[in-house]
1. Being at pLDDT 90 or above and either more than 20 Å from residue 302 (Cα to Cα) or buried (at least 20 other Cβ atoms within 10 Å of the Cβ) (or both) is the filter here, so list the residues in the stretch 318-348 that pass it.
2. Determine which member of the set 98, 178, 171 is farther than 30 Å from residue 467 by Cβ, part of a strand (DSSP E or B) and outside the structural domain of residue 451 (by TED's automatic domain parsing).
3. If you scan the stretch 193-232, which residues turn out to be within 22 Å of residue 173 (Cβ to Cβ) and out of contact with any strand residue (DSSP E or B) (no Cβ under 8 Å at 6 or more places or on another chain)?
4. Scan 34, 17 and give me the residue that is closer than 23 Å to residue 135 by Cα and either assigned to a strand (DSSP E or B) or modelled with pLDDT of 95 or more (or both).
5. Does residue 181 satisfy being more than 19 Å from residue 36 (Cα to Cα) and buried (at least 24 other Cβ atoms within 10 Å of the Cβ)?
6. Here is a check on your reading of the model: is residue 278 surrounded by 19 or more Cβ atoms within 10 Å (Cβ to Cβ) and within 17 Å of residue 432 (Cβ to Cβ)?
7. So which residues in the stretch 39-64 are in contact with a helix residue (DSSP H, G or I) (Cβ under 8 Å, 6 or more places away or on another chain) and over 24 Å from residue 403 (Cβ atoms), if there are any at all?
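The values are calculated or read from the model by the stated rules, or taken from the named source; none is laboratory data. A quick note: this is a predicted structure, and the numbers were derived from the prediction, not measured. Positions of Cβ are backbone-derived with ideal geometry, glycine not excepted, and every protein chain shown enters the neighbour counts.
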């Protein structure tokens, strides 16, 4: 999962792109980058790390220009190396820089097409570089790249070659910014505007929170399959591909997006409140004589749902865990021991809220189960009599292949396990999951024309119809190789540290 932003303004944009990226930092903490147009040049600065660490004053002073794009990266494809930080850049046919959020499921075939059929050199394992090369190749076919209508028509060829979930922003030297979204609208992208000294500034971004933070008004979401171009003069031109079924990713609403964002006309916050309402009603149906004393959320994303669960059950809602916000990103770990330690470093229980109580812990979802198990142990150690656990989402039984890091079946606690087996694994006295139909109802409640969603990680139904068991098995093997490499790297670093100390 990654975050994108593009701005065309009457003022220099680097600082505002920086500010927008900080509002999207939850979407990626591995790398950050900004590209701006400075005269006829595109200035590009990117590196591994958080936004605040990548961009210091010296770097920001180089990023001149009135339009630019930015990216925060979480590596769902490729690796976490600095040469895969985005935006990417090419000089052909006219210098442009591109950033991408999502994941292509036909990477292997597309790689063969680009390297063998087109004869292009690919330097990384990132599917974003494939999109860059594909767009560059299509643009080289047109006689005048400054003709925006021809440029847009060429960009639509991406949809014919790419399968998966993707949102794209691209900065074209001397022309403007291109924004694109996959034909199913799986990954989000939204357009906003702002008045500025008699003209309009425009922004495209992964989440509307970036718009409101910078004083932009949300106009609309980029449509599935749409190519939209914002010229340097503030003119908007767009074309759309043949319409497919609009199925945005439902996990954006469950966990990934910020609650103060609007996605496809829906409030993430309100959707999570309704998830809590539905979950609370299910608890009452299945356990009307429950003995729950207090509802406690697992911070942060489950708070909205937990509040409504408590309301439905007519029991107290309390904050029982304090999150240490100064712990760095630690969820990619080489082993279970490290994962357990990271949970205890990040969360600390308020013992008074647990002692001699039957507590219901509410989380947004359960993916690997390791975190849930450790949190339940913490609650018991803090003095809870019984620990019940509720998930605001259904069991995650299948990989998510469209841009969220849930790509391996063997890592999913619900894969090939019953609810009772999961309950035993995480150590809960009782476990309850949201029903998929109730989750869909919670998100689809508002009228915006969208009634279906990508629910593949819950249902196993992949909207692109090209995700096979062989593809999932290949992902499993790649993940195993990556984990072995990571373990070897950590072991080597430890050996070097021991040798240096001795």
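1. Answer for the stretch 318-348, where residues must be at pLDDT 90 or above and either more than 20 Å from residue 302 (Cα to Cα) or buried (at least 20 other Cβ atoms within 10 Å of the Cβ) (or both): 320, 321.
2. 171
3. 199
4. After ruling out the rest, the residue left standing is 34.
5. yes
6. Yes, satisfied.
7. 43, 45, 52, 55, 60, 63, 64
Residue by residue, here is whether (1) assigned by TED's automatic domain parsing to the domain that holds residue 168; (2) without any contact (Cβ under 8 Å) to a residue 24 or more places away in the chain; (3) more than 29 Å from residue 145 (Cβ to Cβ); (4) buried (at least 18 other Cβ atoms within 10 Å of the Cβ) holds:
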residue: 13; (1), (2), (3), (4): yes, no, no, yes
residue: 35; (1), (2), (3), (4): yes, no, no, yes
residue: 42; (1), (2), (3), (4): yes, no, no, yes
residue: 49; (1), (2), (3), (4): yes, yes, yes, no
residue: 54; (1), (2), (3), (4): yes, yes, yes, yes
residue: 66; (1), (2), (3), (4): yes, no, no, no
residue: 70; (1), (2), (3), (4): yes, no, no, yes
residue: 93; (1), (2), (3), (4): yes, no, no, no
